[in-house]
Amino acid sequence: MLAVHFGAGNIGRGFIGQLLYESGYEICFLDVNQTVIDDINNLGKYRIKLVGDTPKFIEVENISAVNSNDIDLVVKKIVQADIITTALGANILKYIAPVIAKGINEHIIKNKKPLNIIACENMIGASSKLEELVYKHFDELKIKELKKYISFPNSAVDRIVPIQNNEEKLLVETEEFFEWDIDGSNIIGSKPNICGVTYVDNLQAYIERKLFAVNATHASIAYLGYMYGKKTVYEATQDKKIMEIVRQVTKETSKLLVKKYSFDLEKHQAYINKIIQRFSSKYISDDILRVARSPIRKIGENERLIAPAKQLLENNIEPVALSTVIACALHFKNDKDVEAKELQDFILQNGVEEALEKYSKLNRNSRLVQLIVKKYNELK
């Protein structure tokens with residue numbers, strides 16, 4: 001069985017690659033980093049270090065790599081593929097869509113068997129977005145034909161892979177915990193037998209749980225940590241004032257998730273406790289600036305902070321802690337971060353209300369904007 005995976009970075013190798021290998025797949029990584037490509041092809045294997053008091057090592061073999069700019073070879077691999085996955089960043093999907101379009105067209109001509117394409121990105125509906133980008137290259141008649149064999153099931157993924165500084169080539173350090181949920185209702189053909197994957201019928205519940213519980217908590221630690229002058233996530237989690245607000249954020253998002261999806265309250269609280277424990281680990285601590293990067297994306301209308309805050313207000317619950325974190329995000333400054341610089345320049349010229357209207361699609365007269373602006377001014 002051949003798995004074609006776009007993205008040979010730390011998530012690709014240290015998460016998706018591990019599970020595909022353990023499931024018996026041969027893996028062909030597609031990437032533009034020629035150094036990594038050469039290392040994969042020369043070594044033919046790499047190691048994953050599961051960090052902790054007693055580290056564990058996993059060796060991944062039966063791998064190869066192709067430069068994704070080599071269109072003909074990539075298309076050939078897609079024709080041969082039994083499954084396609086991605087882990088390269090949501091903003092990169094548009095760049096791989098054209099070659100996937102060529103590949104699946106050849107796939108159904110030469111290899112008429114079902115093919116599932118699963119985007120494992122940190123966004124809601126990543127596979128659906130990739131499907132939209134791919135099908136822009138075809139007319140309606142061709143799309144109808146392709147859909148007989150090709151599907152783009154959405155998924156939700158969760159594993160912390162911190163910034164790396166390893167001397168050993170291709171080594172990836174990561175936490176042991178992971179979750180990979182896939183929309184089983186949108187699988188074409190037999191469900192791929194992937195170790196550790198959970199197929200679910202109501203993926204939206206798990207996507208929002210991940211986004212509102214995990215991502216919102218991570219972002220909260222980062223933006224609060226920035227405001228309190230912390231350098232790492234671990235350092236921020238050791239500050240009682242920061243974690244008091246973070247726990248208030250988790251209480252707010254928990255109220256929403258439990259009410260919306262009828263999650264068991266005790267099980268959900270255990271899930272929250274596990275999240276806090278993971279982020280508090282000294283072994284997987286990440287840089288505050290890296291976790292807080294791209295603030296424009298993170299204050300998007302359907303993203304980890306704004307979406308739950310809006311939904312809480314719709315349920316007559318004021319998102320006080322979330323508003324505090326959003327205000328911190330609006331204060332985030334990093335001249336090396338393109339989005340942070342753009343956001344600060346816009347706020348300086350137009351004000352916070354207009355920034356929330358532009359980037360978060362909020363009505364400047366809404367209750368949420370009032371809450372955020374109040375917190376923003378208090379943080380000055």
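The values are calculated or read from the model by the stated rules, or taken from the named source; none is laboratory data. None of these values were measured; they are calculated from a predicted model. Cβ coordinates were reconstructed from backbone atoms using ideal geometry, including for glycine residues, and neighbour counts include every protein chain displayed. Heads up: the accessible areas ignore ligands, DNA and RNA and are worked out on the full protein's heavy atoms, side chains in. Shrake-Rupley method; radii C 1.70, N 1.55, O 1.52, S 1.80 Å.
Numbers for the structure displayed
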quantity: Student exercise, the chain dipole from Lys, Arg, Asp, Glu Cβ charges, in Debye to nearest 20; calculated: 700 debye
quantity: Filtered trypsin sites (Lys or Arg not before Pro), the range 222-297: DSSP coil and at most 15 other beta carbons within 10 Å; calculated: LYS231, LYS282
quantity: Surrounding net charge for ASN41, when Lys and Arg each add one and Asp and Glu each subtract one, Cβ distance under 14 Å; calculated: -2
quantity: Total charge dipole magnitude, the range 32-175, about the Cα centre, Cβ charges on Lys, Arg, Asp, Glu only, Debye to nearest 20; calculated: 660 debye
quantity: Spin-label pair SER128/GLU301, simplified geometry with 7 Å Cα→Cβ offset, distance in nm; calculated: 1.5 nm
quantity: Cα gyration tensor, the range 280-341 - rounded (a/c under 1.5), prolate or oblate; calculated: oblate
quantity: Per residue, in Å², the accessible surface of the range 138-297 once ligands and nucleic acids are set aside, probe 1.4 Å; calculated: 49 Å²
quantity: Rg over Rh [alpha-carbon atoms, Kirkwood Rh] for the chain; calculated: 0.98
quantity: With all protein chains modelled, accessible area of CYS195 [1.4 Å, Å²]; calculated: 60 Å²
quantity: Qualifying trypsin sites (Lys or Arg not before Pro) in the range 94-164, DSSP loop, other Cβ atoms within 10 Å at most 12; calculated: LYS112, LYS136, LYS148
quantity: GLN349 versus ASN166: modelled label distance in nm, points set 7 Å from Cα along the beta carbon direction; calculated: 4.3 nm
quantity: Radius of gyration and maximum dimension Dmax of the range 1-127, Cα, Å; calculated: 14.4, 52
quantity: Nearest 10 degrees, 0 to 90: helix 367-378 Cα axis against the chain principal axis; calculated: 70 degrees
quantity: GluC sites (Glu not before Pro) within the range 67-173, DSSP loop, no more than 11 other Cβ atoms inside 10 Å; calculated: GLU167, GLU168
quantity: Cβ-defined net charge surrounding GLU59, 9 Å radius [Lys, Arg +1; Asp, Glu -1]; calculated: +1
quantity: FRET E, pair ASN315, GLU176, Förster distance 35 Å, beta-carbon r, rounded to 0.05; calculated: 0.50
quantity: Helix-derived mean residue ellipticity, 222 nm - over the chain, DSSP H n ≥ 4, -39500 (n - 2.57), to 500; calculated: -14500 deg cm²/dmol
